[in-house]
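Data block below; observations after.
The values are calculated or read from the model by the stated rules, or taken from the named source; none is laboratory data. All of these numbers come straight from a predicted model, not from anything done at the bench. No Cβ is skipped: glycine too gets one built from the backbone with ideal geometry, and neighbour counts run over all protein chains shown. Note: accessible area is taken over every heavy atom of the protein model, side chains too, but ligands, DNA and RNA are not part of it. Shrake-Rupley method; radii C 1.70, N 1.55, O 1.52, S 1.80 Å.
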Amino acid sequence: YILPNAPREGLLINLPEMRLYDFSVDPAQPIVLAVAIGDAEDPSPVGEFRVGGKRMNPHWNVPESIRAENPALPAVVPPGPENPLGDRWLTIGSSSYGIHGTNNVWSIGRIATHGCIRLYNDEIERLFARVKERTPLRLVYQTVKLGQRGSTVYVEVHPDLYRREPAAVETALEKVRALGLGAELDEQALR
């Protein structure tokens, strides 16, 4: 992977690529996990946070906005196989959003949540065990990532899921030129 342009500490989530990078064990070799993110109507937050409260077997207090979409939902879903939060929850800062498991494994790698970050249940169990409260947590939105090894520049481009960076090619060109590599650039290959 080309790593997102952000500090290599704690947890880092790049929303467009639907990946969580865990630098908590080894900043030189992050653990990379696939995630589900918020949809366009309920996007996942972007910003710098810390891991807030950690909960095992969380109850899901169903937000009124979600109950309005699906009136058959109860006000509270208890822990168990019907709970969409799975059995582990890490709060994103002091928000109502979290990083959690799921009872919908098909959703991982998709835009499928109301803003939370979902992981496979076995992955959230391991992450929950190794990450402490107050661990730095960043959620970024980088559709274009650059990497360089020697004189070779690598470019990784992801779909602009939230329509925040509509000019991906131009953004990539600007980033390559900012590195002083414009002369070596094969613009046609990049396009």
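If the segment from residue 140 to residue 178 were pulled out straight at 0.36 nm per residue, it would be longer than the present Cα-Cα gap by 11.7 nm. With a cut-off of at most 10 other beta carbons within 10 Å, and DSSP calling the residue loop, which GluC sites (Glu not before Pro) in region 44-132 qualify? Please list them. The qualifying sites are 82. What lysines could a cross-link reach from residue 145, if we take a straight Cα to Cα line under 26 Å and drop same-chain neighbours fewer than 8 places away? Those lysines meeting the cut-off are 175.
Here's the list of lysines a cross-link from residue 54 could span, going by alpha-carbon distance under 20 Å and ignoring same-chain residues fewer than 8 apart: 132.
Within region 52-140, the proportion of C-alpha pairs whose separation exceeds 14 Å stands at 64%.
Once the Cβ-Cβ distance of residue 191 and residue 126 is raised to the sixth power relative to R0 = 35 Å, the FRET efficiency obtained is 0.30.
Helix-only arithmetic for the chain: the sum of -39500 (n - 2.57) across DSSP H runs with n ≥ 4, divided by the residue total, places the mean residue ellipticity at 222 nm at -4500 deg cm²/dmol.
Between [x] 129; [y] 167; [z] 120, which entry matches volume of the Cα convex hull per residue in Å³ as derived from the coordinates of this structure? Answer label, from the structure shown: [z].
Site pair residue 39 and residue 82 shows an inter-label distance of 2.2 nm when each label is modelled 7 Å from Cα along Cα→Cβ. Across every direction, the projection of the convex hull enclosing the Cα atoms of region 1-77 has a mean area of 6.7 nm².
What region 76-191 shows is 54 Å² of accessible area per residue, with the surface traced by a 1.4 Å probe over protein heavy atoms.
A viscosity of 1.306 mPa s and a temperature of 10 °C, combined with the Kirkwood radius over Cα pairs in Stokes-Einstein, give a translational diffusion coefficient for region 108-191 of 100 µm²/s. FRET efficiency for the pair residue 28 and residue 163, taken as 1/(1 + (r/R0)^6) with r the Cβ-Cβ distance and R0 = 30 Å, rounds to 0.30.
Measuring nothing but protein heavy atoms, the accessible surface of region 5-127 at 1.4 Å probe radius is 50 percent carbon and sulfur.
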